[in-house]
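Note sheet for the following structure.
The values are calculated or read from the model by the stated rules, or taken from the named source; none is laboratory data. It should be emphasised that the depicted structure is a prediction, and the values quoted were computed from it without experimental measurement. Positions of Cβ are backbone-derived with ideal geometry, glycine not excepted, and every protein chain shown enters the neighbour counts.
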Amino acid sequence: MPSLNCASIESNVFLSNAKRISSAGLPTTGKDLRCVDVDAEYKVMRLLGEGTYGKVHLAQHRTTSTVVALKHMHKDETKLKDFQREFELSYYMSPHRNIVITFDVAFETKHSYCFVQEYAPCGDLFEAIPPQQGLPEDTVKDVMMQLVSAIEFMHSKDIVHRDIKPENVLVYDEALKLVKLTDFGLARKGGTLVKKKNSSIPYTPPEICDAVYNEGYTSDTSTDVWSFGVTLYCCMTGNFPWEKADIDDAYYNEFLGWQKRKTVKIPSQWRKFSPRLMRLFRRFLEVKPERRCRIEEIHKYADNKWVRRRTASRYATSEINGDRSDSGEPNLTKLNMMFKAAGASAGEGLEEKEFREQRLREWILSLPEGETSGSAHGNTLSVPS
Ligand SMILES: Nc1ncnc2c1ncn2[C@@H]1O[C@H](COP(=O)(O)OP(=O)(O)OP(=O)(O)O)[C@@H](O)[C@H]1O
């Protein structure tokens, strides 16, 4: 095996001398990394995005002119085996129409490991969701069905994604007719013992929120079902349902009361949804993972209306204006979509409160002067204390 010590830069292109599929059904290429001088092989055009562990660049291969996305992971933050796992899983999942294609190309540079993916020209789903408004119902359904197909494919192979969120869904056209799931950095085989390393984010299921740092738990497809449910809520509303699925979170607690049938009162921010969609949320956002439904259950609800016709516009208006619902309840949690980004990973090493405050400060600093509280554009921010 070639040395992984990148003392000298080889100018020849990437690997690919290994057979594509090992006997275990996975590409072996990730183990045969070669050092590559990226600038010699690619014209790097711009930064596409940044995650916790590295950067994604748009680049053009100098020989073939193919435009690709280069995913770099810093060596000081990524173990080689983690890089290999992500590369291999991404490659293994590539045949599905709604999963980003990863090419059989991986290499290392002096400071990073890198693999090559197809370029998604329209950013990610997070950027496509109008804040505090959400996407039209038909568009949400279209996007969700594509995502479900990708997740079903993964689950059929007993792979758990473990990081389903709008930022990890790449967009290929403005109308969202083609979206693809990406970022298999946390993906594991079902039943793998994993440790809680990251802070909880709105997409984290309660059983993982409850775990303490470094506590072990078993990866399970039910995690993806919960995160998918939260993603669906975000797409429908342009808001998060809660900051964290923890009983200390007032918004989660209110939902829990309804979910556990302690009250029939639906929390105000959920009232724009039809009874059928609420039924779906009840099944996806089931607190006990062993009772949560499988992802394919969504097919039973695909032909139903998801938004109550009569109340839809009333809710949309009151949400945008940041006022109160008729019942006098505070309007929904305007956490905004400011947790964008790696969320969990971005918050790694920070206490929840510190992380939240840091994001809040960043958000306030990014506002135009004088716009530090609610406005007609819906920039109201209320973080439950
Ligand atoms: N193939 C691609 N085409 C276009 N943009 C991309 C592509 N891959 C990633 N991006 C952009 O870069 C961002 C970060 O990518 P990615 O999620 O893969 O990084 P990460 O380090 O794994 O992030 P995280 O911190 O969530 O684990 C994405 O949200 C997206 O906006």
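Data table
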| read-out | value |
| --- | --- |
| Cross-chain or 6+ apart pairs with Cβ under 6 Å, the stretch 115-130 first and within 22 Å of Tyr91 (Cβ to Cβ), then more than 9 Å from the ligand (Cβ to nearest atom) and in a helix (DSSP H, G or I) | Phe115/Phe87 |
| Selected residue (only one of Glu152, Glu167, Glu174 is part of a helix (DSSP H, G or I) and out of contact with any strand residue (DSSP E or B) (no Cβ under 7 Å at 6 or more places or on another chain)) | Glu152 |
| Test: residue in the stretch 189-199 that is within 16 Å of the ligand (Cβ to nearest atom), more than 14 Å from the chain's Cα centre (by Cα) and among the β-branched types (Val, Ile, Thr) | yes |
| Residue match in the stretch 277-284 (condition: over 22 Å from Ala128 (Cβ atoms), free of Cβ contacts under 8 Å to residues at least 12 places away in the same chain and not small (Gly, Ala, Ser)) | no |
| Number of the exception - Gly229 against (1) out of contact with any helix residue (DSSP H, G or I) (no Cβ under 9 Å at 6 or more places or on another chain); (2) small (Gly, Ala, Ser); (3) under 19 Å from Thr139 (Cα atoms) | (1) |
| Condition met for Asp249 (touching a strand residue (DSSP E or B) at 6+ places or on another chain (Cβ under 7 Å), assigned by TED's automatic domain parsing to the domain that holds Pro130 and closer than 24 Å to Phe126 by Cα) | no |
| Long-range neighbours under 8 Å by Cβ, at least six apart or interchain, first residue exposed (fewer than 13 other Cβ atoms within 10 Å of the Cβ) within the stretch 53-66, second in a loop (DSSP other than H, G, I, E, B) | Thr63/Val13 |
| Subset of the stretch 132-146 [within 16 Å of the chain's Cα centre (by Cα) and either farther than 20 Å from Pro95 by Cβ or within 15 Å of the ligand (Cβ to nearest atom) (or both)] | Val140, Val143, Met144 |
| Ser156 being small (Gly, Ala, Ser) and either surrounded by fewer than 16 Cβ atoms within 10 Å (Cβ to Cβ) or over 24 Å from Val68 (Cβ atoms) (or both) | yes |
